[in-house]
Amino acid sequence: MIDTPLTIALTKGRILEETLPLLEAADIRPLEDISKSRKLLFETNQKNVRLIVLRGSDVTTYVRYGTADLGIAGKDMLMEYGCESAEACGDQGIYEVLDLGIAKCQLMTAGRVNEAPIRDRRIKVATKFINVAKSYYAEKGVQADIIKLYGAMELAPIMGLADEIIDIVDTGNTLKANGLVPWDAIADISSRLIVNKASMKMKHAAIQSLIDKISSAL
Ligand code: PRP
């Protein structure tokens, strides 16, 4: 039995299906089917452990403020939040403790088929990863106007809103279906287990035991 109150932040969608078996390995099971419920807060078989279900981009925020002790978030979301390295993550009050190796994909630039990336003049880039984009093009010395979108990035180059996009690519089917091709890989992405720094200190035994159990299930 887990004797310390713990709140764990999860996201719905493809990550959830792969996350639940890992929690199960730590003997944590939600009392109802998360994927079939509209609820956002779930009790578990462990009376001290509850699960909250958030947008991927909000997991880091809940963990940073300690509202959630732990969270599972994509590396893409962590990078966008300023957690590209362990040190940077620490500055946000977060430890990235485990690469769960699930929900693997790549963060890439992409553009119209039969075209090459423009690198000799100012370009427009559509993405939801504003911070990642800014540092990526700055590092390359490319002048880029970053246009924030919340989804359907693949439409932007086709409609002439942008010269290229930065987005997650898994099978590549979405790019292909919209007349785009992948260009440069920015980072390999997978889901990570993150922990609030203060929680790690205050609830160390319970959290370390959970990390160990998940780690051996990987
Ligand atoms: C992601 C991403 C792409 C798609 C890539 O969107 O934004 O659109 O998946 O996957 P593929 O390479 O296998 O086609 P998702 O469906 O997760 O929805 P989102 O736009 O809400 O992030």
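The values are calculated or read from the model by the stated rules, or taken from the named source; none is laboratory data. It should be emphasised that the depicted structure is a prediction, and the values quoted were computed from it without experimental measurement. Don't worry about glycine lacking a Cβ; one is built from the backbone with ideal geometry, like all the others, and counts go over all protein chains shown.
Taking the residues in segment 25-47 that are in contact (Cβ under 8 Å) with a residue 60 or more places away in the chain and surrounded by fewer than 19 Cβ atoms within 10 Å (Cβ to Cβ) as candidates, determine which candidate is farthest from the ligand (Cβ to nearest atom).
ASP27
Name the single residue, out of those in segment 177-192 being more than 8 Å from the ligand (Cβ to nearest atom) and over 30 Å from ILE8 (Cβ atoms), that is farthest from the chain's Cα centre (by Cα).
Among those that are more than 8 Å from the ligand (Cβ to nearest atom) and over 30 Å from ILE8 (Cβ atoms), it is GLY179.
Quick grid of which residues meet (1) under 30 Å from MET200 (Cβ atoms); (2) of a type in the set (Gly, Ala, Ser); (3) under 14 Å from the mean Cα position of the chain (by Cα):
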site: GLN92; (1), (2), (3): yes, no, no
site: GLU96; (1), (2), (3): yes, no, yes
site: ALA103; (1), (2), (3): yes, yes, yes
site: ALA116; (1), (2), (3): no, yes, no
site: ARG119; (1), (2), (3): no, no, no
site: THR127; (1), (2), (3): no, no, no
site: VAL132; (1), (2), (3): yes, no, yes
site: LYS148; (1), (2), (3): no, no, no
site: MET153; (1), (2), (3): no, no, no
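Checking GLU96 against (1) loosely packed, with under 15 Cβ neighbours inside 10 Å; (2) among the acidic types (Asp, Glu); (3) in a strand (DSSP E or B), only one condition comes out false. Which one?
Of the numbered conditions (1) loosely packed, with under 15 Cβ neighbours inside 10 Å; (2) among the acidic types (Asp, Glu); (3) in a strand (DSSP E or B), the odd one out for GLU96 is (1).
For residues that are part of a helix (DSSP H, G or I) and among the acidic types (Asp, Glu), scanning just segment 6-44, find the one that is farthest from GLN208 (Cα to Cα).
GLU17
Given the structure, is GLN92 out of contact with any strand residue (DSSP E or B) (no Cβ under 9 Å at 6 or more places or on another chain) and in contact (Cβ under 8 Å) with a residue 12 or more places away in the chain?
yes
Based on what the data block shows, is THR60 in contact (Cβ under 8 Å) with a residue 40 or more places away in the chain and part of a helix (DSSP H, G or I)?
Here the answer is yes, as THR60 does meet what is asked.
Quick one: count up the residues across segment 93-120 that are among the basic types (Lys, Arg) and at pLDDT 95 or above.
Residues in segment 93-120 being among the basic types (Lys, Arg) and at pLDDT 95 or above: 2 in total.
Filtering segment 137-176 down to residues that are farther than 30 Å from LEU70 by Cα and β-branched (Val, Ile, Thr), which residue is nearest to the ligand (Cβ to nearest atom)?
Within segment 137-176, the match that is nearest to the ligand (Cβ to nearest atom) is THR174.
Return only the number of the condition from (1) farther than 21 Å from ILE168 by Cβ; (2) touching a helix residue (DSSP H, G or I) at 6+ places or on another chain (Cβ under 9 Å); (3) not in a loop (DSSP other than H, G, I, E, B) that ALA110 does not satisfy.
(1)
Could you grab the pairs with beta carbons closer than 7 Å, sequence gap of 6+ or different chains, first residue in segment 127-156 and farther than 15 Å from ASP76 by Cβ, second one more than 16 Å from the ligand (Cβ to nearest atom) and part of a helix (DSSP H, G or I)?
ALA144/TYR137; ILE146/LYS134
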